[in-house]
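Below: one structure, written as structure tokens.
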Amino acid sequence: MSWVEGRVERVLWAAQDGGWAVLRVLTTEGSMIVVGALGTLADLVSDGEAPFASFEGELEQHPSHGWQFKATGMLLSSPRTEAGVRLYLGSSGVHGIGPAMANRIVAHFGDQTTHVLEKEPERLGEVPGIGAKRAASIAEAWAADAGGRALTILLRGLGLSPRLVGRIRDRFGDDAFAVVTGQPYRLAEEVGGIGFALADRIARGQGLPPDHPDRIAAAVRHVVQRASDDGHCFLPVRAIARGLDRLGVPSDAVDTAVDRLVAEARLEHVDRTDEPAVAVPELADAERLVASLLAERSRLVDDAEVDDLIDEAEDHARLRLDPSQRDAVRRAATAGVSVVTGGPGTGKTTLVRVLLAVAAARGQVWGLASPTGRAAKRLAEATGQEASTLHRLLEFQPGTGRFGRSGTQPLELDGLVVDETSMVDVKLMAAVLDALPWSKPCRLVLVGDADQLPSVGPGQVLRDLVDSGALPVARLAHVHRQGARSGIVAGAAQVHAGQVPVSGEATGHDDFFLVARDDTDAARAALVEIVTRRLPARGFDPVEDVCVLAPTRKGPLGTGELNELLRTALNPTDARIQVGGRSYGVGDRVICTRNRYDLGVFNGDLGRVVQAAPDGLTVRFDDATVPWPRDELDQIELAYAVTVHKSQGSEYPAVVLLLHGSHTILLRRNLFYTAITRARRFFCCVGAPSAWARAVAQQRGDVRHTTLASRLVELLASG
């Protein structure tokens, strides 16, 4: 192995997932191309940096691109070198000094720069271009920010961007330097954008040993928190130890670290498992609250006779419910809590329409809500009644992160229907239950498909409620006449039953097809052919009507690569703005990845870029055209292809799914099933038949660590 040292001048290419990057680095011997997993450096350059770094690796000759240095390791300049001072002076540190002047000052004084600035500022006049007046101004600015200067030099030298330095100063104020030098792992828990890896880099850059108790405790907290990001509400200690091993953190002291975190109330023990386990306190509290409020609300019983009202609603709507639907309406109208689950075509929406008619006939006011804006819009269109997102219903307050509706200011409803409940995580469900009134017997009806993927957030609320057997559950299984003609419904049913679905060529359905392509390149080519030629020939707009789904963001058949492939085919404009490793141009389809209540745009909403300028984008969504500033574009992604998880709660006229052997552990039955049920008029799966077989065979590979079901059973059993 050899080393190359220099300043990163330019990012020539960077992967969207923040991993691989190609950089031009200025060394003492001239410019050199450096390649490797250097996404961190690429981000710094995109933020206006020119970081100094050392690279470990080998010089090699690429058959197409010539000589380049392939980096296997990278070390940003230490704050003990001149780099931190140079970056501080040249960017946000001292008014009147730009990068060029900062370079001249540090080049002239070297490692004596800080001494000169503090003790002999008059010597700044030795640097060409600095007179006595400017030297005095620089010295005054340097002295005025002693605490912030030390912090900035330290963090900038470790590679942090000015934005992150600012967040740290905003969070800790005058204590920022003391926290960074004495308790650096607090940054991971208390500052947005700083996770364990970056906090660890800051700590290790200051000489903290790898087996320091603070490092092990922070790593334990990180592993448990990451588990909650993956949907778990607790994690066994044994799994935590494995997570520490993957981080390169000593795991032999995991028990000591867990005990410390429990004593500090940063974790808590879970007593409902066969082995030692811990949870983040807020998730344990949420599970306890959901179980308690559901148990209490389930005891609200209304003995009213509603069959005549159901008959009237059926007559008015000119339909007849099947026995399971009718029983579900009766139960939903009278029980404190009821659950309705079923696949596509089984009549969940029809049931809700009749339920609302019964409620109206009884003079009751019911609300309708869904987790996402697109799902709420579909619910409103299907029922003819206003529906909202759960966050809007609960009057979410972006500034505080709290809800305006709660136990102290409950909703004014006689009943609430929550659709797409499989997407509701345990914290959001706790907020919903807390906001329901107790002054009158408000009913709660949870509707969804328990066989779909669980929520992106922690928990698996709908699945736990169905599996617990503790609450009344209506399982709709009968496919009604309209659904029976659908190849999409038939294909979803086959996958649900653990069978590889049959393509339309064999069944006569013209809305459901499987296209076998084992080779990765062949699968990508077939995808482009279907999206750009075959579906437009059937009347589908390839950008407005078609959504490509994949299990993951990464890899040659992940959404990152597919978005670039499809954009090249569908919107080959060169007029783009570059932000980090991403670029955007007029006509691009994008997806919002965060709820923006101030803009009326929500996580999962799709839009089109109508204007692209250096300071940001203008994006047209269904209900609004909104400006999106450049520094907030991390909340926008290309959406020619999206992950199956991200598609939850949405329907598209046509869906093309890629399911290939390269997707490995993500090949699961509920993922395949969820993808099929996102299609309204056409579905096509491209990929390897062996992958389809593996997917339908792998049932519930994503079971989560939760306690909701056991808590609910225990509470209801105790009376």
Checklist entry - So which residues in the range 610-624 are out of contact with any Leu (no Cβ under 9 Å at 6 or more places or on another chain), surrounded by 13 or more Cβ atoms within 10 Å (Cβ to Cβ) and not hydroxyl-bearing (Ser, Thr, Tyr), if there are any at all? => result ALA612, VAL619, ARG620
Checklist entry - Across the range 51-107, what is the total count of residues that are closer than 12 Å to LEU155 by Cα, surrounded by fewer than 17 Cβ atoms within 10 Å (Cβ to Cβ) and at pLDDT 65 or above? => result 0
Checklist outcome for this item: Apart from one, (1) crowded, with 16+ Cβ neighbours inside 10 Å; (2) farther than 25 Å from ARG378 by Cα; (3) among the β-branched types (Val, Ile, Thr) all hold for THR573; the odd one out is (1)
Checklist entry - Only one of VAL301, VAL270 is in contact with a strand residue (DSSP E or B) (Cβ under 6 Å, 6 or more places away or on another chain) and aliphatic (A, V, I, L, M); which? => result VAL270
Item to check | Cross-chain or 6+ apart pairs with Cβ under 6 Å, the range 315-342 first and open to solvent by 60 Å² or more (accessible area, probe 1.4 Å), then part of a loop (DSSP other than H, G, I, E, B) | outcome: ARG330/VAL306; ARG331/PRO472
Item to check | So PRO556, is it over 21 Å from the mean Cα position of the chain (by Cα) and either assigned to a loop (DSSP other than H, G, I, E, B) or touching a residue at least 12 places away in the same chain (Cβ under 8 Å) (or both) | outcome: no
Checklist outcome for this item: Taking the range 535-553 and keeping only residues that are part of a helix (DSSP H, G or I) and either touching a Ser or Thr at 6+ places or on another chain (Cβ under 7 Å) or surrounded by fewer than 18 Cβ atoms within 10 Å (Cβ to Cβ) (or both), one is left with PRO536, ALA537
Checklist outcome for this item: The correct count of residues that are open to solvent by less than 70 Å² (accessible area, probe 1.4 Å) and either modelled with pLDDT of 90 or more or of a type in the set (A, V, I, L, M, F, W, C) (or both) in the range 290-313 is 16
Checklist entry - Right, ASP327: acidic (Asp, Glu) and modelled with pLDDT of 95 or more or not? => result no
Next on the checklist: I'm told PRO441 meets every condition in (1) open to solvent by less than 10 Å² (accessible area, probe 1.4 Å); (2) under 27 Å from GLN364 (Cβ atoms); (3) in a loop (DSSP other than H, G, I, E, B) except one. Can you identify the failing condition by its number?
Outcome noted: (1)
Next on the checklist: I'd like to check something: does the range 173-192 contain any residue that is at pLDDT 70 or above, open to solvent by 30 Å² or more (accessible area, probe 1.4 Å), within 17 Å of ALA203 (Cβ to Cβ) and β-branched (Val, Ile, Thr)?
Outcome noted: yes
Item to check | Positions within the range 593-609 being out of contact with any Cys (no Cβ under 6 Å at 6 or more places or on another chain) and either among the acidic types (Asp, Glu) or open to solvent by 60 Å² or more (accessible area, probe 1.4 Å) (or both), in sequence order | outcome: ARG594, ASP598
Checklist entry - Within the range 211-221, is there a residue that is of a type in the set (Asp, Glu) and touching a Ser or Thr at 6+ places or on another chain (Cβ under 9 Å)? => result no
Next on the checklist: For the range 8-31, which positions are more than 24 Å from PRO556 (Cα to Cα), at pLDDT 75 or above and either among the basic types (Lys, Arg) or open to solvent by less than 30 Å² (accessible area, probe 1.4 Å) (or both)?
Outcome noted: VAL8, ARG10, ARG24, VAL25
Next on the checklist: Condition first: open to solvent by less than 50 Å² (accessible area, probe 1.4 Å), farther than 28 Å from PHE234 by Cα and free of Cβ contacts under 8 Å to residues at least 40 places away in the same chain. Now tell me which residues in the range 406-438 satisfy that.
Outcome noted: PRO410, PRO437
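For the range 32-50, give me the residue count where each residue is over 22 Å from ASP200 (Cα atoms), of a type outside the set (Val, Ile, Thr) and either modelled with pLDDT of 80 or more or in contact with a Leu (Cβ under 6 Å, 6 or more places away or on another chain) (or both).
Of the residues in the range 32-50, 1 are over 22 Å from ASP200 (Cα atoms), of a type outside the set (Val, Ile, Thr) and either modelled with pLDDT of 80 or more or in contact with a Leu (Cβ under 6 Å, 6 or more places away or on another chain) (or both).
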Next on the checklist: Can you confirm whether HIS212 is buried (at least 20 other Cβ atoms within 10 Å of the Cβ) and either modelled with pLDDT of 90 or more or under 26 Å from ASP634 (Cβ atoms) (or both)?
Outcome noted: no
Checklist entry - Do we find a residue being surrounded by fewer than 17 Cβ atoms within 10 Å (Cβ to Cβ) and touching a His at 6+ places or on another chain (Cβ under 8 Å) anywhere in the range 579-592? => result no
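The values are calculated or read from the model by the stated rules, or taken from the named source; none is laboratory data. Since the model is a prediction, treat every value here as computed from it, not as a measurement. Neighbour counts are summed over all protein chains in view; Cβ atoms, including those assigned to glycine, are modelled from backbone coordinates with ideal geometry. With ligands, DNA and RNA removed, areas are computed over all heavy atoms of the protein, side chains included. Shrake-Rupley method; radii C 1.70, N 1.55, O 1.52, S 1.80 Å.
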